[in-house]
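Heads up, the thing below is written out as structure tokens.
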Amino acid sequence: MVNVRESVLPGIGVLVVIGLAARALATVIPTSHLILAIVIGLVVGNLYGVPDWASAGVGTNKLWLEGGIVLMGASVALDRVVDAGPTILVLVIATVMTTILTVEALARGAFGIREQIGSLLAAGSSICGVSAVVATAGSIEADEDQIAYAAATVLLFDAVTLLAYPALGHLFGLTDKVFGIWAGLTMFSTGPVTAAGFAFSQAAGQWALLVKLTRNALIGLAAIAYALYYIRRSGGEREDAVPGGVGYLWHSFPKFVLGFLGLMLVANTGVLGGAQLASLEHAADWLFLFAFAGLGLDIRLDELRSTGVKPVLVVLVSLICVSTVCLFVLTTLF
Amino acid sequence: MSNEQQSGGTVGGESSATRTLVSYWTELPHDWQAVVLGALVLVIVATGVQIPW
């Protein structure tokens, strides 16, 4: 049996050290400790690599991210969700559909990219980054090279938008709510959305998470829709490739969203006092700090350079168009 | 009984209960692990433990 303590503890120690270094540095450099954790991780990971003894522990960063998201549920006011819920749902569905159609149109029409890669880029851009790329790949029978190509493109934009969004948000003087919803609607993977949101402000981070989790919940539907589309294209020869209905939706549904909702409900019953809510928020901050240290360590600049020019241009043009329209709509609505 | 396996099911310093727990944990998908982690922190905080920042 694998000794869990030996396999993950050294790597978790690395995350803790980087996280603490980021916190210390944030007292000197006026930048979010979360962004600094990612930057330190990125520098360390690309200069020295991640040693074998640390790789299992560093790989736990997704657990800390999702655990932090669950705990963040306690900070979200239910009445705010109920008030904004229908509008956010409409915005999420409209943005996801617009992004998919824009990326698909650009990939097939303007840039002549193979349709599977176009679809993977569309799923990754519109829903939840690399997770959506992988989920959709199974539905459209994409090969490993296509998955790696699309995933590298998405990761490149994760790295760039992570730094660019908070800077643009401050430049445009956006409110916490508008920035949070904007980042949650248009950035790609959950980790960078969370980091950018909380780097802007606590309230912006909560809005960003709420919107991003709503987007993530659509991953199963998108994978099924793509499977049905590709079956129609193949003249019904691949009917066995359709993911199986409700069971598949449940399988692909990110379960930590349930934890987020559970904590939100518990906190909103009023059973927890102010000190307890503050402690949950602090715990979430610590978990995010360790998660983002790992996120930085995972970013490989040499792999990002392997992305092709055309996929990058497709996603760039789509991101600029969709995020500009979204920003205009959001500043008008809120 | 080997030196590693003591009475009470201890192997390499870990009790069988710990091993069972670790086994359940490692087999749990990571998104469910996150839910368990959140619930655990909630219980700890609810008992009065304060987490500083």
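Using +1 at the C-beta of Lys and Arg and -1 at the C-beta of Asp and Glu, which of A:Tyr248, A:Gln116, A:Ile69 has the Cα lying farthest in the positive direction of the dipole of chain A?
A:Ile69
With the dipole of the protein assembly as shown worked out from charges on the C-beta (+1 for Lys and Arg, -1 for Asp and Glu) around the Cα centre, which of B:Leu28, A:Ala217, A:Phe200 lies farthest toward the positive end?
Toward the positive end, the furthest listed residue is A:Phe200.
I need the phi-derived Karplus couplings for the range A:313-327: 6.51 cos²θ - 1.76 cosθ + 1.60, θ = phi - 60°, integer Hz, Gly and Pro marked x.
Couplings: 5, 4, 5, 4, 4, 4, 4, 4, 5, 5, 5, 5, 4, 4, 4 Hz.
So what are the ³J(HN,Hα) numbers for the range A:25-38, from phi and the Karplus equation (6.51, -1.76, 1.60; θ = phi - 60°), rounded to whole Hz, Gly and Pro as x?
Ordered by residue, 3J(HN,Hα) equals 5, 5, 7, 9, 9, x, 9, 4, 4, 5, 5, 5, 4, 5 Hz.
With +1 assigned to the C-beta of every Lys and Arg and -1 to the C-beta of every Asp and Glu, and no other charges, what is the dipole magnitude of the protein assembly as shown about the Cα centre in debye, to the nearest 20?
680
Net charge within 15 Å of B:Gln50 by Cβ-Cβ distance, Lys/Arg positive one each and Asp/Glu negative one each, not counting B:Gln50 itself?
Net of charged neighbours comes to -2.
Considering only A:Thr98, A:Thr27, A:Thr186, give the residue with the highest GNM mean-square fluctuation for chain A, with springs between Cα atoms whenever their separation is below 10 Å.
A:Thr27
Extending each Cα 7 Å along its Cβ direction at A:Thr98 and A:Asp52, get the distance between those two points in nm, one decimal.
5.0
Straight-line reach from A:Lys212: which lysines have Cα under 24 Å away, leaving out those fewer than 8 places along the same chain?
Here the lysines satisfying the reach criterion relative to A:Lys212 are A:Lys62, A:Lys177, A:Lys255.
With springs connecting C-alpha atoms under 10 Å apart, model chain A as a Gaussian network and identify which of A:Ala196, A:Ala122, A:Ala94 has the largest mean-square fluctuation.
A:Ala94
Provide the per residue accessible area, probe 1.4 Å, for the protein assembly as shown, rounded to a whole number of square angstrom.
On a per-residue basis, 45 Å².
Quote the FRET efficiency, to the nearest 0.05, computed for A:His170 versus B:Ser16 with a Förster distance R0 of 51 Å and r equal to the Cβ-Cβ distance.
It comes to 0.40.
For the range A:55-119, just say rounded, prolate or oblate: build the C-alpha gyration tensor, square-root its eigenvalues into a ≥ b ≥ c, call rounded for a/c under 1.5, and beyond that prolate if a/b exceeds b/c, oblate if not.
Oblate.
Considering only protein heavy atoms and a probe of 1.4 Å, how much of the accessible area of the protein assembly as shown is carbon and sulfur, as a whole percent?
Reported share for carbon and sulfur atoms: 66 percent.
Would you mind giving the three semi-axes, in whole Å and largest first, of the ellipsoid equivalent to the range A:1-155 according to its Cα gyration tensor?
33, 24, 17
By accessible area of protein heavy atoms, probe 1.4 Å, what ranking do A:Tyr165, A:Tyr48, A:Tyr229 get, highest first?
A:Tyr48, A:Tyr229, A:Tyr165
Relative contact order, percent, of chain A when contacts are C-alpha pairs under 8 Å separated by at least 6 residues?
32
Using every alpha carbon pair in the range A:129-275, what percent of pairs falls into each 5 Å bin from 0 up to the bin containing the largest distance?
All Cα pairs considered, the percentages come to 2, 10, 15, 16, 16, 15, 11, 8, 4, 2, 1, 0, 0.
Residues with beta-carbon under 11 Å from that of A:Leu210, excluding A:Leu210: net charge, scoring Lys, Arg +1 and Asp, Glu -1?
+4
Take A:Arg108, A:Arg114 and sort them by solvent-accessible surface of the protein heavy atoms, 1.4 Å probe, largest at the top.
Sorted by accessible area, descending: A:Arg114, A:Arg108.
Which value results for Rg/Rh of the protein assembly as shown when Rg is the Cα radius of gyration and Rh the Kirkwood radius based on the inverse mean 1/r?
0.98
The values are calculated or read from the model by the stated rules, or taken from the named source; none is laboratory data. Because the structure is predicted, anything quoted here is derived from the model rather than measured. When we count neighbours, we look across all protein chains shown, and the Cβ atoms used for this are built from the backbone with ideal geometry, even at glycine. We work out accessible area using only protein heavy atoms, side chains counted, and drop any ligands, DNA or RNA first. Shrake-Rupley method; radii C 1.70, N 1.55, O 1.52, S 1.80 Å.
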